[in-house]
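Engineer: I have a structure I would like to understand better, so I am pasting it below and will then ask my questions one at a time.
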Amino acid sequence: MLSLTLLMVAVALLQSTPVVAAQKVSENWCLERGFDPTNLSCDTCRLIDESTTIQKLQQEQNINIGEECRQCCQFHKVNPVLHPDYSLRGKYKYALLIYNEGSLGQFGEIKDFLERDLSDVLSFKGETRFKAVASTKSSMDPEMRMQMMMMGIMNGGGGQPKLMLFDKHKKGGWSEEDEEEAVEIIKLRGWKREDLKDMLMTLLPSA
């Protein structure tokens, strides 16, 4: 039986939020709040933080419009009004998608991307720009993982898929072990397959 300390650690692991990127929310959630996640750039959300009128409204109604906006925005989109001459196209040199085979079924959109869109991305970008590989390591102690599986807290799969973006090439290619070298790491829980494909097609140069 798990000790109280071990159980608290397990719960903390499940509730922790990645610091590298905000979790995605559903498209309907965004649309209900007036945000179109398919075209919303995060630059636009920063304008909300700078608006004294909106700040006053937030205080009066006890809501955080700026935070809601950031949960719906696409960081790879550019607001053409704010940056008419700026483009993120080809910003990164290489992208590596890491997933756990045992838990991939929990992330249907990422599974669909791998099955239906991966070949398209590779045909345009090539394996010298993008690769999707199964994780070879676990971030959790094996004994703790086994105990949590026995309690039904988690399955045997592992963590959520993530995308590692690099701004330079490496001889032999980048791997899961090079996480500290990544310029950007995006946790892919809640991502739509079409958004992931669009981001890769935008941020990576063509082969």
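The values are calculated or read from the model by the stated rules, or taken from the named source; none is laboratory data. Here the structure is a predicted model, which is why all the values come from computation and not from measurement. Neighbour counts are summed over all protein chains in view; Cβ atoms, including those assigned to glycine, are modelled from backbone coordinates with ideal geometry.
Engineer: For a quick check of your reading: which helices (runs of 4 or more DSSP H) sit entirely within segment 63-132 and have at least 2 residues that are touching a Pro at 6+ places or on another chain (Cβ under 9 Å), β-branched (Val, Ile, Thr) and modelled with pLDDT of 90 or more?
Structural biologist: The helices (runs of 4 or more DSSP H) meeting that bar number zero.
Engineer: How about segment 31-62: which of its residues are in a loop (DSSP other than H, G, I, E, B) and among the polar types (S, T, N, Q)?
Structural biologist: Hits for segment 31-62 are THR38, ASN39, SER51, ASN62.
Engineer: Among the residues in segment 167-182, are any crowded, with 16+ Cβ neighbours inside 10 Å, closer than 26 Å to VAL78 by Cβ and at pLDDT below 95?
Structural biologist: yes
Engineer: Here is a list: MET164, MET149. Which entry is hydrophobic (A, V, I, L, M, F, W, C), touching a strand residue (DSSP E or B) at 6+ places or on another chain (Cβ under 6 Å) and either at pLDDT below 90 or under 15 Å from LEU196 (Cβ atoms) (or both)? Explain how you work it out, then say what you get.
Structural biologist: Details: MET149 fails: touching a strand residue (DSSP E or B) at 6+ places or on another chain (Cβ under 6 Å).
Among MET164, MET149, only MET164 is hydrophobic (A, V, I, L, M, F, W, C), touching a strand residue (DSSP E or B) at 6+ places or on another chain (Cβ under 6 Å) and either at pLDDT below 90 or under 15 Å from LEU196 (Cβ atoms) (or both).
Engineer: Which ones in segment 160-207 are closer than 20 Å to ASP112 by Cα and of a type in the set (Asp, Glu)? If you could, list the steps in order and put the result at the bottom.
Structural biologist: To start, the set of residues in segment 160-207 that are closer than 20 Å to ASP112 by Cα comprises 160-164, 186-202.
Scanning segment 160-207 gives GLU194, ASP195, ASP198.
Engineer: Go through (1) farther than 23 Å from GLU184 by Cα; (2) out of contact with any Cys (no Cβ under 9 Å at 6 or more places or on another chain); (3) not assigned by TED's automatic domain parsing to the domain that holds PRO161 for ILE48 and report which single condition fails.
Structural biologist: (2)
Engineer: Tell me, which residue of segment 92-128 that is free of Cβ contacts under 8 Å to residues at least 24 places away in the same chain and surrounded by 15 or more Cβ atoms within 10 Å (Cβ to Cβ) is nearest to LYS171 (Cα to Cα)?
Structural biologist: For segment 92-128, the residue satisfying everything is LEU122.
Engineer: Does segment 183-205 hold any residues that are surrounded by fewer than 18 Cβ atoms within 10 Å (Cβ to Cβ) and touching a His at 6+ places or on another chain (Cβ under 6 Å), and which are they?
Structural biologist: Scanning segment 183-205 gives a single hit, THR202.
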